[in-house]
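Take a look at the structure set out below.
Please treat every number below as a calculation from the coordinates, not as lab data. Remember, predicted model here, so these are calculated numbers, not experimental data. No Cβ is skipped: glycine too gets one built from the backbone with ideal geometry, and neighbour counts run over all protein chains shown.
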Amino acid sequence: MGKEYKKTKTQTGKVIKHVAARFVVLSEGKRVNCIARKKIRGKDYYSDAVDEILVGDIVEFQRDRDVFIIEKVLPRKNQLLRPYVSNIDTCLIVISPIPEPDFLLVDKVIVNCLHQGIEPILVINKVDIEKIDVSDYEKICPIYYTSANTNEGLDLLLQKIDGKTTCLAGQSAVGKSSLINAILNNNRQSIGELSRQTQRGTNTTRITEIINIKDNTYIVDTCGFSMLETIDIEPEDLRFYYEEFEEFRNDCKFNSCTHINEPDCEVLKHVGKEISLKRYERYKTIYNELIERRNKRYE
Ligand SMILES: Nc1nc2c(ncn2[C@@H]2O[C@H](COP(=O)(O)OP(=O)(O)OP(=O)(O)O)[C@@H](O)[C@H]2O)c(=O)[nH]1
Ligand SMILES: [Mg+2]
Ligand SMILES: [Zn+2]
């Protein structure tokens, strides 16, 4: 028996691709083809934390004879449904002048991101056509202006997501795939190719690949609006995801004030001033949707 048949030391890497029973793990700059140890795929392996291996997972693997086997999935920072990936650090919420932005969707994604420990970043794409006014978001999240056509703003954006794993959210045709392609600046993934790959994007379809831009920087493309899975929070907790309420909420009469219709609500007094009226109205819309959903649950 040659030396190469011996079990080797444990290595760590990130799962960047999943096809059938094979996983591509990026480890120290090398792509390693791995398979999973059977027990990992059962729910009992890691209590309820891990029930399978997802793209985005950090895994430990070992060489066993001539195959590499994933032995362990390290605890996840988060796990998304759409896209179906784990360990996301930042989310680029892309809007553009065409199609016209839907800020209710933007706000829902922001809440969802904050809930999952993901930093939301607003990306205003297609600035070569027109710049959209997003002053409502200046205090809410970082804002980047880009054009996938002229490459404007791409360097700054790339700096922001350096060393992170990033997903994209945004209506169809705002330019998510174009931005990735412009960033990659090559034709490794054509727009058409990416669309085909993710177009089956129902809730259950898994994303098969995350793109390694450089070193520890990864990006996940998604088709259409993602990060919109039902916001898993109670309506009463929605207020905590609105940064602009923070400086006023301690002065509301009630600690439990949701700033909807309680008496002596300090937050309400600042709507239309420090607090954007439109953001506040959309807050109420999301609040009511969450109430409705809860009522349905108990019907
Ligand atoms: N003028 C202009 N057009 C752009 C820009 N970015 C993308 N486009 C165009 O917008 C269209 C849609 O771009 P995609 O990158 O496919 O959009 P997407 O967000 O990935 O769409 P889905 O995959 O359907 O969700 C294409 O025709 C692009 O050429 C930009 O910065 N400026
Ligand atoms: Mg796309
Ligand atoms: Zn209040």
_Ile143 paired with Asn78, simple spin-label distance in nm, labels 7 Å along Cα-to-beta-carbon_ = 2.2
*Any chance you could run the full-extension gain for Lys131 through Glu289? It's 0.36 nm times the residue separation minus the Cα-Cα distance, nm to one decimal.*
53.8 nm
*Please turn the phi angles of the stretch 81-88 into ³J(HN,Hα) values with the Karplus equation 6.51 cos²θ - 1.76 cosθ + 1.60 (θ = phi - 60°), one per residue in order, whole Hz, x for glycine and proline.*
8, 9, x, 8, 9, 10, 6, 8
*Calculate the radius of gyration of the Cα atoms of the stretch 58-161 to one decimal place, then report Dmax, the largest Cα-Cα distance, as a whole number, both in Å.*
18.0, 59
*Rounded to whole Hz, the Karplus (6.51, -1.76, 1.60) HN-Hα couplings of the stretch 66-77, x for glycine and proline*: 9, 10, 9, 10, 6, 9, 7, 9, 6, x, 8, 6
*asked:* Please arrange Thr258, Thr166 by how many other C-beta atoms lie within 10 Å of their C-beta, fewest to most.
replied: Thr258, Thr166
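Set the Förster radius R0 to 41 Å, insert the Cβ-Cβ distance between Glu247 and Ala20 as r into 1/(1 + (r/R0)^6), and round the FRET efficiency to 0.05. List each step's numbers first, then the result.
Details: r = 52 Å, r/R0 = 1.28.
It comes to 0.20.
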*In nm², what is the average projected area of the convex hull enclosing the Cα atoms of the stretch 235-298?*
4.2
*Whose amide H sits under 5 Å from the amide H of Val123, counting only residues 5 or more places off or on another chain, with H placed in the peptide plane?*
Ile93, Val94, Ile95, Tyr144
_Just to check I understand the Karplus step: with θ = phi - 60° and J = 6.51 cos²θ - 1.76 cosθ + 1.60, what whole-Hz values come out for the stretch 12-20, glycine and proline as x?_
10, x, 10, 6, 10, 7, 9, 10, 6
*Given H placed on each backbone N at 1.01 Å, which residues far from Ala36 in sequence or on other chains put an amide H within less than 5 Å of it?*
Ile70
*For Arg76, list long-range residues whose amide hydrogen, built 1.01 Å from N in the peptide plane, is under 5 Å from its own amide hydrogen.*
none
